[in-house]
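Student: Right, I'll just put the structure down here and ask away after.
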Amino acid sequence: DTGVSQNPRHKITKRGQNVTFRCDPISEHNRLYWYRQTLGQGPEFLTYFQNEAQLEKSRLLSDRFSAERPKGSFSTLEIQRTEQGDSAMYLCASSPTTVWLLWGGYTFGSGTRLTVV
Amino acid sequence: AQSVTQLDSQVPVFEEAPVELRCNYSSSVSVYLFWYVQYPNQGLQLLLKYLSGSTLVKGINGFEAEFNKSQTSFHLRKPSVHISDTAEYFCAVSGDAGNMLTFGGGTRLMVKP
């Protein structure tokens, strides 16, 4: 297993454009999380899925943000009408369900760095 | 609601010296505590965790942390640092729900030769 994979690694887009990121979790993990990290700050929780069900969303996740996890495997995070304030690192993580604490919680991907110009 | 405060944004230290990175948390429920390390342009790697039991926990790369419930702290320590320890370190907490990690702002450890 190659761990949590995120694509693309970097994305530069013009303000107002839509962008989509992909996360492939560890195959046996059925929980998947999205975080956003701005420069010099700690990661902030956005949303998480258990299998294909989106169970929780942060207030940070405005109407321009949408996340999906069809079939409970990979997930996509879409940002519509991007703004300069959306520039950040978007991190994905996955974990098993019943023993996630024993395993140390989340396994993080390397992130997608978004720059909105 | 939980919150995490990492009191030092940057900690410079010479190689082979000891280091302590401070973390304080607030929570209305029982907590699980974590330290993660982030190298440039990489994701987060778990260093160690406190779930229950012994308040002194040992992690990878020679790091350890002590959970102090009365002081609501979970400070990270290493007796002798290496250049390769230069990175950003994040303290995080989750509550009984166990589904969301709340992170501190991070501490940049800078190890100098």
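Student: If I go through region A:68-99 residue by residue, how many of them are under 20 Å from A:Arg31 (Cβ atoms), in a strand (DSSP E or B) and open to solvent by less than 10 Å² (accessible area, probe 1.4 Å)?
Tutor: Number satisfying all stated conditions: 8.
Student: Output the number of residues of region A:25-56 satisfying the condition of being surrounded by 13 or more Cβ atoms within 10 Å (Cβ to Cβ) and either without any contact (Cβ under 8 Å) to a residue 60 or more places away in the chain or within 11 Å of another protein chain (Cβ to nearest Cβ) (or both).
Tutor: 21
Student: Hey, B:Asp96 hits all of (1) at pLDDT below 90; (2) open to solvent by less than 30 Å² (accessible area, probe 1.4 Å); (3) of a type in the set (D, E, K, R) but one; which does it fall short on?
Tutor: Going through the list (1) at pLDDT below 90; (2) open to solvent by less than 30 Å² (accessible area, probe 1.4 Å); (3) of a type in the set (D, E, K, R), B:Asp96 breaks only (2).
Student: Can I ask one more? Need the failing condition index for A:Asn7 against (1) touching a Lys or Arg at 6+ places or on another chain (Cβ under 6 Å); (2) away from chain B (no Cβ under 14 Å); (3) open to solvent by 20 Å² or more (accessible area, probe 1.4 Å); (4) at pLDDT 95 or above, just the number.
Tutor: (2)
Student: Return the residues of region A:17-36 that are outside any strand (DSSP E or B) and either of a type in the set (A, V, I, L, M) or farther than 23 Å from A:Pro96 by Cβ (or both); say none if nothing qualifies.
Tutor: Hits for region A:17-36 are A:Gln17, A:Asn18, A:Ile26.
Student: Pick from A:Arg64, A:Arg15, A:Arg59: which is away from chain B (no Cβ under 14 Å), open to solvent by 60 Å² or more (accessible area, probe 1.4 Å) and over 23 Å from B:Lys49 (Cβ atoms)?
Tutor: Testing whether each residue is away from chain B (no Cβ under 14 Å), open to solvent by 60 Å² or more (accessible area, probe 1.4 Å) and over 23 Å from B:Lys49 (Cβ atoms) leaves just A:Arg15.
Student: Return the pair list, or none, for Cβ contacts closer than 6 Å from residues in region B:33-48 that are closer than 14 Å to B:Phe103 by Cα and at the interface with chain A (Cβ under 7 Å from one of its Cβ atoms) to residues that are modelled with pLDDT under 90 and assigned to a loop (DSSP other than H, G, I, E, B), at least 6 apart or on different chains.
Tutor: Taking only residues 6 or more apart or on different chains, the pairs are B:Leu46/A:Gly104.
Student: Could you pull out the residue among A:Leu39, A:Leu46, A:Leu60 that is part of a strand (DSSP E or B) and either out of contact with any strand residue (DSSP E or B) (no Cβ under 6 Å at 6 or more places or on another chain) or of a type in the set (A, V, I, L, M) (or both)?
Tutor: When all the criteria are applied, what remains is A:Leu46.
Student: Return the only residue of B:Val29, B:Val19 being surrounded by 14 or more Cβ atoms within 10 Å (Cβ to Cβ) and more than 9 Å from chain A (Cβ to nearest Cβ).
Tutor: Within the list B:Val29, B:Val19, the selection yields B:Val19.
The values are calculated or read from the model by the stated rules, or taken from the named source; none is laboratory data. Note that this is a predicted model, so its numbers are computed, not measured. Quick reminder, even Gly has a Cβ in these numbers, built from the backbone with ideal geometry, and neighbours come from all protein chains shown. All accessible areas refer to the heavy atoms of the entire protein, side chains included, with ligands and DNA or RNA removed. Shrake-Rupley method; radii C 1.70, N 1.55, O 1.52, S 1.80 Å.
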